[in-house]
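This report concerns only the one structure given below.
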């Protein structure tokens, strides 16, 4: 329905209610309805799931249509990100949000800062999803509120052409609400626990859940040591649990991102159950690091498996974990990915130790032999030293070409002394095109940065503290923050407006009419920013 038809319908209903509703204005009710188009988190999940499905289809047709997101740890950060995207690019198309379990642990736990080991309260994850969408919906309400004010002003001027233009813009308004890919870690328990948490996350609005194949109680950050994986069937039970959660709640297009940490995980807690040679459990066990056993050397407490008619002892650590053979990580990754896609996952996530397109592409090529439309979500992680990695990649490529590298020391390429060199420029260009090139060559549908706003908050705070508490004093804030906000058109320079003061005034006027005590009068200091 259009702005005009909705207003007419509500005005008709109000009139039918009789004199008791005389003070209710149909157009004001229309505006409030449009400012809150998503009544529940499930409305959001269904809406955003369709967006992701359409984007996945567009990527399959042309890998130039890859998608991106930035990790957010607070609703305000998510809101400002999407406001900035609309300001600079005019549309939120192909741009999402990522909710990082790492940042929830580090920044949102009641225990205080925690490592990424699933020690934080699992309820904090759906709570953050709800918070992110609360702020995105408020961004809609704020922007539409400003459009409604412009509409009233055009009518007061008698400018019907402008009034119609604004009404058309309202009818075609693009929401700030976009898909969130949300991190459910390793499920915070067994399959039932995963299912229960998944429901809470979906009810909060998540249309895409990312789950990893690590052991829940031994979970580690993907870029740290000590990762422990589970047999495939254990992981597939959790994938099924998430699918059931989506279906139970009527989000039939919900997306499951299956993450494998096998590339960097050398340990398992369990020997997989197997019923016949070559089944999935047998394939998992085939990667175990074993030694052939002389029956005469059997000891109490030993664990054995048989393979090819031989009795083998898997290498077991004092932690009671079993060790995989060195060099099997890539093969295990490929098997994890194929198995996940063949059992209900929609997208893959391969956690790597460096951002190297050909390393990723080599695995994707193998996966696509079994599942031709396999697609990845990839972590463009701040845990990588991007400058050093890409300078080394360029160095190695140039060395293979036989170029003169006498001006460079590969071990010291991070040095500022190399910042102005041809090698550094080539490395920066490869970083700039990494997402585009990886989308085309390595099957990466979605590029995300997990922790960007964690780092930007630290960097900007450091700069402000250095200036404000130093010689610049108040000028440090004015020159380094407020003046830049004004010059660059940052919406929150009018922080009262951003926090909802003008929205509140609109509501006061709806509720109280001429008796409304509004905050946005002539004495509001925010008027100083009108220019």
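The values are calculated or read from the model by the stated rules, or taken from the named source; none is laboratory data. All figures in this text were calculated on a predicted structure; none of them were measured in a lab. Cβ placement follows ideal geometry from the backbone for every residue including glycine, while neighbour counts extend to all protein chains displayed.
Can you name the residue in the range 10-28 that is surrounded by 14 or more Cβ atoms within 10 Å (Cβ to Cβ) and free of Cβ contacts under 8 Å to residues at least 40 places away in the same chain and, of all such residues, is nearest to residue 136 (Cα to Cα)? Quick ask: steps written out before the conclusion?
The first filter runs over the range 10-28 and keeps only residues surrounded by 14 or more Cβ atoms within 10 Å (Cβ to Cβ), leaving 10-11, 14, 24-28.
Still in the running and free of Cβ contacts under 8 Å to residues at least 40 places away in the same chain: 10-11, 14, 24, 26-27.
Working: 10: 26, 11: 29, 14: 30, 24: 27, 26: 25, 27: 23 Å.
Among those that are surrounded by 14 or more Cβ atoms within 10 Å (Cβ to Cβ) and free of Cβ contacts under 8 Å to residues at least 40 places away in the same chain, it is 27.
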**Asked** Could we say that residue 491 is closer than 30 Å to residue 104 by Cα and modelled with pLDDT under 90 here?
**Response** yes
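Check 335, 317, 280, 321 and return the single one that is surrounded by 15 or more Cβ atoms within 10 Å (Cβ to Cβ) and touching a strand residue (DSSP E or B) at 6+ places or on another chain (Cβ under 7 Å).
On the way: 335 fails: touching a strand residue (DSSP E or B) at 6+ places or on another chain (Cβ under 7 Å); 317 fails: surrounded by 15 or more Cβ atoms within 10 Å (Cβ to Cβ); 280 fails: touching a strand residue (DSSP E or B) at 6+ places or on another chain (Cβ under 7 Å).
The match here is 321.
When you check residue 477 against the structure, is it touching a residue at least 60 places away in the same chain (Cβ under 8 Å), in a helix (DSSP H, G or I) and touching a helix residue (DSSP H, G or I) at 6+ places or on another chain (Cβ under 8 Å), yes or no? Walk me through it before giving the result.
Details: touching a residue at least 60 places away in the same chain (Cβ under 8 Å): no; in a helix (DSSP H, G or I): yes; touching a helix residue (DSSP H, G or I) at 6+ places or on another chain (Cβ under 8 Å): yes.
Spelling it out, it is not the case that residue 477 is touching a residue at least 60 places away in the same chain (Cβ under 8 Å), in a helix (DSSP H, G or I) and touching a helix residue (DSSP H, G or I) at 6+ places or on another chain (Cβ under 8 Å).
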**Asked** Name the residues in the range 492-531 that are over 37 Å from the mean Cα position of the chain (by Cα) and not in a helix (DSSP H, G or I), would you?
**Response** 516, 517, 518, 521, 522, 523, 524
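For the range 330-351, give me each residue that is at pLDDT 95 or above and assigned to a loop (DSSP other than H, G, I, E, B).
Narrowing the range 330-351 to residues at pLDDT 95 or above: 330-350.
Result: 342, 343, 344, 345, 346.
Among the residues of the range 423-456 satisfying the criterion of being free of Cβ contacts under 8 Å to residues at least 12 places away in the same chain and assigned to a helix (DSSP H, G or I), which is farthest from residue 99 (Cα to Cα)?
Narrowing the range 423-456 to residues free of Cβ contacts under 8 Å to residues at least 12 places away in the same chain: 425, 429, 432-433, 456.
If we keep only those that are assigned to a helix (DSSP H, G or I) too, we end up with 425, 429, 432, 456.
Working: 425: 32, 429: 28, 432: 24, 456: 16 Å.
Looking at residues that are free of Cβ contacts under 8 Å to residues at least 12 places away in the same chain and assigned to a helix (DSSP H, G or I), I get 425.
Right, residue 458: on the phi > 0 side of the Ramachandran plot and surrounded by fewer than 16 Cβ atoms within 10 Å (Cβ to Cβ) or not? Step through it out loud before you land on a result.
Details: on the phi > 0 side of the Ramachandran plot: no; surrounded by fewer than 16 Cβ atoms within 10 Å (Cβ to Cβ): yes.
No, not satisfied.
In this structure, is residue 162 free of Cβ contacts under 8 Å to residues at least 60 places away in the same chain, closer than 20 Å to residue 40 by Cα, touching a helix residue (DSSP H, G or I) at 6+ places or on another chain (Cβ under 6 Å) and assigned to a helix (DSSP H, G or I)? Working first, answer last.
Working: free of Cβ contacts under 8 Å to residues at least 60 places away in the same chain: yes; closer than 20 Å to residue 40 by Cα: no; touching a helix residue (DSSP H, G or I) at 6+ places or on another chain (Cβ under 6 Å): yes; assigned to a helix (DSSP H, G or I): yes.
For residue 162, the condition - free of Cβ contacts under 8 Å to residues at least 60 places away in the same chain, closer than 20 Å to residue 40 by Cα, touching a helix residue (DSSP H, G or I) at 6+ places or on another chain (Cβ under 6 Å) and assigned to a helix (DSSP H, G or I) - is not met.
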**Request:** Within the range 213-259, work out how many residues are at pLDDT below 95 and part of a strand (DSSP E or B).
**Result:** 3
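Check the range 309-316 and report whether any residue there is part of a loop (DSSP other than H, G, I, E, B) and under 41 Å from the mean Cα position of the chain (by Cα). Spell out how you get there, then give the answer.
So in the range 309-316, the residues part of a loop (DSSP other than H, G, I, E, B) come out as 309, 315.
Right, trim to under 41 Å from the mean Cα position of the chain (by Cα) and you get 315.
For the range 309-316, residues part of a loop (DSSP other than H, G, I, E, B) and under 41 Å from the mean Cα position of the chain (by Cα): present.
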**Prompt:** Can you find even one residue in the range 379-387 that is in a helix (DSSP H, G or I), assigned by TED's automatic domain parsing to the domain that holds residue 58 and modelled with pLDDT of 95 or more?
**Reply:** yes
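Yes/no matrix, rows are residues, columns are (1) assigned by TED's automatic domain parsing to the domain that holds residue 437; (2) within 17 Å of residue 183 (Cβ to Cβ); (3) surrounded by fewer than 19 Cβ atoms within 10 Å (Cβ to Cβ); (4) in contact (Cβ under 8 Å) with a residue 60 or more places away in the chain:
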site	(1), (2), (3), (4)
88	yes, no, yes, no
102	yes, yes, no, yes
114	yes, yes, yes, no
136	yes, no, no, yes
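May I ask you to say which residue of 39, 57, 64 is farther than 23 Å from residue 215 by Cα, without any contact (Cβ under 8 Å) to a residue 24 or more places away in the chain and either outside the structural domain of residue 176 (by TED's automatic domain parsing) or not in a helix (DSSP H, G or I) (or both)? Can you show your working first?
Details: 57 fails: either outside the structural domain of residue 176 (by TED's automatic domain parsing) or not in a helix (DSSP H, G or I) (or both); 64 fails: without any contact (Cβ under 8 Å) to a residue 24 or more places away in the chain.
Exactly one residue qualifies, and that residue is 39.
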